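In what follows, a structure is listed as structure tokens, so that the remarks can point back to it.
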Amino acid sequence: MLSEKERKLINSILERLTPVAEDIGSEALRRMFVTFPGTKTYFSHLDISERSPHLLSHGKKIVLAIAEGARDISHLTVTLGPLQTLHAYKLRIDPSNFKLFSHCLLVTLACHMGEEFTPVAHAAIDKYLSAFSAVLAEKYR
């Protein structure tokens with residue numbers, strides 16, 4: 001699915017994002033909630049206002065999970081196993097939301113990285129996020 005060069009590029013980008021995971025993740029979540037209001041349904045019990053503790057915390061968890069999965073993409077299904085079960089059976093999140101979040105994360109990365117977010121970087125991250133979303137959605141079948 002991903003070449004060795006793409007894997008290295010993805011890991012390089014995600015390593016740089018780890019220290020600012022709260023900011024990137026919360027901004028991407030906020031972008032998703034504004035752009036796709038139906039996704040707020042799953043967060044109705046939380047304060048999802050800009051820079052709220054809930055948004056910062058959940059955004060950080062998401063970005064760190066994405067970064068962890070990228071460390072060994074060949075074991076993505078194993079790495080995401082607990083998250084698959086949580087999202088499918090306990091939280092019952094609509095799996096289409098994973099794709100919506102991925103799109104919003106790409107836009108957020110482009111805003112934060114500027115010219116460093118080259119077409120090659122964009123394509124690599126997009127391929128990885130598509131795989132990440134597909135693996136998260138596997139338990140829904």
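The values are calculated or read from the model by the stated rules, or taken from the named source; none is laboratory data. It should be emphasised that the depicted structure is a prediction, and the values quoted were computed from it without experimental measurement. Glycine also receives a Cβ, built like all others from the backbone with ideal geometry; neighbour counts cover every protein chain displayed. In case anyone asks, the SASA skips ligands and DNA or RNA and just uses the protein heavy atoms, side chains included. Shrake-Rupley method; radii C 1.70, N 1.55, O 1.52, S 1.80 Å.
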Review point. Which of the residues belonging to the range 48-63 are open to solvent by 20 Å² or more (accessible area, probe 1.4 Å) and either closer than 19 Å to Leu100 by Cβ or out of contact with any Lys or Arg (no Cβ under 9 Å at 6 or more places or on another chain) (or both)?
Key: Ile48, Glu50, Pro53, His54, Leu56, Ser57, His58, Lys60, Lys61, Ile62
Revision key, fill the gap. Going through the range 15-28 in order, the residues found to be open to solvent by less than 70 Å² (accessible area, probe 1.4 Å) and either modelled with pLDDT of 95 or more or assigned to a loop (DSSP other than H, G, I, E, B) (or both) are Val20, Ala21, Asp23, Ile24, Gly25, Ser26, Glu27, Ala28
Point to revise | Which listed residue is of a type outside the set (D, E, K, R), surrounded by fewer than 19 Cβ atoms within 10 Å (Cβ to Cβ) and either closer than 22 Å to Ser12 by Cα or under 14 Å from the mean Cα position of the chain (by Cα) (or both), from His45, His75 | key: His75
Point to revise | Single residue of the range 99-141 satisfying the filter (part of a helix (DSSP H, G or I) and of a type in the set (Ser, Thr, Tyr)) that is surrounded by the most Cβ atoms within 10 Å (Cβ to Cβ) | key: Tyr128
Study note, to complete from the structure: Checked against (1) at pLDDT 95 or above; (2) closer than 21 Å to Arg7 by Cα, Lys60 satisfies every condition except (2)
Review point. Within the range 78-98, how many residues are at pLDDT below 85, open to solvent by less than 70 Å² (accessible area, probe 1.4 Å) and in a helix (DSSP H, G or I)?
Key: 8
Practice item. Give just the number: which of (1) open to solvent by less than 50 Å² (accessible area, probe 1.4 Å); (2) more than 21 Å from Ser96 (Cα to Cα); (3) not small (Gly, Ala, Ser) does Ile66 not satisfy? Key: (2)
Practice item. Being touching a Lys or Arg at 6+ places or on another chain (Cβ under 9 Å) and not small (Gly, Ala, Ser) is the filter here, so list the residues in the range 1-22 that pass it. Key: Met1, Leu2, Glu6, Ile10, Asn11, Leu14, Glu22
**Study point:** Residues of the range 4-14 satisfying the condition of being within 11 Å of Ile66 (Cα to Cα) and either open to solvent by 30 Å² or more (accessible area, probe 1.4 Å) or not in a helix (DSSP H, G or I) (or both)
**Key:** Asn11
